[in-house]
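The values are calculated or read from the model by the stated rules, or taken from the named source; none is laboratory data. Model, not experiment: these values are computed from the prediction. Heavy atoms of the whole protein, side chains included, go into the accessibility calculation; ligands, DNA and RNA do not. Shrake-Rupley method; radii C 1.70, N 1.55, O 1.52, S 1.80 Å.
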Amino acid sequence: MDIMQTFDNAPIGVFDSGFGGLTVAREIAKALPGESIIYVGDSARCPYGPRSLSEVDGFVQQIGSWLVQRGVKLIVIACNTATAAGLAHAQRTFPVPVIGVVEPGARAAAHATRNKRVGVIATKATVESDAYTKAIRHLDAGITVFSTATPRFVEIAEQGIRMAEGPIENYTSLASKVYIRPPFQAIAKEYLEPLRRCHIDTLVLGCTHFPLLKALIGGVVGHEVTLISSAKEAARDVTEILDRHHQRAQAGHTAEYEFNTTGDDVAEFQSFGSRAFCMPITSVSHIEF
């Protein structure tokens with residue numbers, strides 16, 4: 001028996017510019033069902049994509065400090081733009097491990113590609129940061145990365161959830177429960193056709209909203225292109241860090257999930273969040289920074 005084995009029932013902190021990061025929280029909850037999660041959706045300042053990286057870095061410091069004060073044992077920046085803008089600063093500043101979603105997604109893409117041609121779709125800020133290109137080429141310098149900003153995909157994901165019908169309890173599949181209008185198809189083709197012509201065999205969904213549009217995106221780029229979501233990879237990293245630090249929750253610990261938003265419409269966040277988290281969210285608190 002390992003006498004060093006300990007446990008830590010403190011929660012994991014997860015945050016995003018809105019509800020999209022709940023796709024990451026969902027994967028963490030699936031991989032680590034005994035771990036509590038405190039989630040922050042910064043809906044009041046969403047989207048982060050068009051903002052400067054220095055401004056978003058400031059948001060990361062604010063939210064990360066709040067989570068540290070709440071006693072989290074690890075922080076996940078479940079937003080690609082915020083990861084590109086503020087991960088390194090957060091890792092230097094906070095007394096707990098901090099991970100982002102760019103490196104896990106880049107790693108999965110580098111492992112998945114066969115022809116070494118990888119596409120990345122993300123917000124304007126993430127694309128301009130070159131975060132994915134640097135991370136992927138750091139892992140394999142022979143990979144060519146083709147990046148394009150797809151800002152309207154965030155709007156499409158949110159509109160699609162609003163228009164989807166059926167009770168929350170029936171939202172067992174993300175992709176099939178986002179209503180896709182014909183104009184959405186045209187927008188997706190405009191964004192993705194140039195990448196398809198580059199003969200990519202792997203596409204990184206470089207925004208946490210984008211897994212909600214997996215069916216739409218996959219339908220345009222074709223089934224031969226592997227779609228990479230960083231959510232599962234990030235959950236794997238969380239598991240490895242907690243194991244390495246002997247910080248898993250105690251066996252039999254009942255997980256508690258707490259949801260917070262900076263936005264004014266708590267009911268809408270609760271509705272959207274339930275679909276992204278794939279289970280009913282019963283309570284959301286409004287917070288301010």
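If a/c stays under 1.5 just call it rounded; otherwise compare a/b with b/c (prolate if a/b is bigger, oblate if not). Do that for segment 79-152, with a ≥ b ≥ c from the square roots of the Cα gyration tensor eigenvalues. Note, shape of segment 79-152 comes out oblate.
Its relative contact order, with pairs defined as Cα atoms under 8 Å and 6+ residues apart, puts segment 107-164 at 40 percent. Quick one: pull the percentage of alpha-carbon pairs in the chain with a separation above 27 Å. Within the chain, distances greater than 27 Å cover 37 percent of Cα pairs. The accessible area of GLU155, taken with all protein chains in place and a 1.4 Å probe, comes to roughly 70 Å².
For LEU242, the accessible surface of its heavy atoms amounts to roughly 0 Å² (probe 1.4 Å, protein chains only, rounded to the nearest 10).
Averaging the sequence gap over all C-alpha pairs within less than 8 Å and six or more residues apart, then dividing by the number of residues, gives segment 192-270 a relative contact order of 27 percent.
Remark: accessible surface ordering of ARG117, ARG236, ARG244 (largest first) is ARG244, ARG236, ARG117, probe radius 1.4 Å. Can you work out the base-10 log of I(q)/I(0) for segment 1-91 at q = 0.13, 0.14 1/Å, using the Debye formula on its C-alpha atoms alone? Rounded to two decimals, the profile gives -0.44, -0.50.
By a 1.4 Å probe calculation restricted to protein chains, LYS30 has an accessible surface near 120 Å², given to the nearest 10. Normalising the average separation of contacting C-alpha pairs (under 8 angstrom, six or more residues apart) by the number of residues puts the relative contact order of the chain at 28 percent. Under a GNM of the chain (C-alpha, springs under 10 Å), which listed residue has the highest mean-square fluctuation: GLY100, GLY13, GLY58? Judging by the Gaussian network model, the answer is GLY58. Remark: for residue pairs LYS134/LYS189; LYS134/LYS214; LYS73/LYS134; LYS189/LYS232; LYS189/LYS214, the C-alpha separation exceeds 22 Å in LYS134/LYS189; LYS134/LYS214; LYS73/LYS134; LYS189/LYS232.
Projected over every direction and averaged, the convex hull enclosing the alpha-carbon atoms of segment 42-127 yields 6.2 nm². For SER147, nonlocal amide neighbours, meaning residues 5 or more places apart or on other chains whose placed amide H falls under 5 Å from its own, are VAL120. For segment 192-289, just say rounded, prolate or oblate: build the C-alpha gyration tensor, square-root its eigenvalues into a ≥ b ≥ c, call rounded for a/c under 1.5, and beyond that prolate if a/b exceeds b/c, oblate if not. Oblate, since a/c reaches 1.5 and b/c is not below a/b.
A 1.4 Å probe over all protein chains sorts ILE77, ILE241 by accessible area into ILE241, ILE77, starting with the largest.
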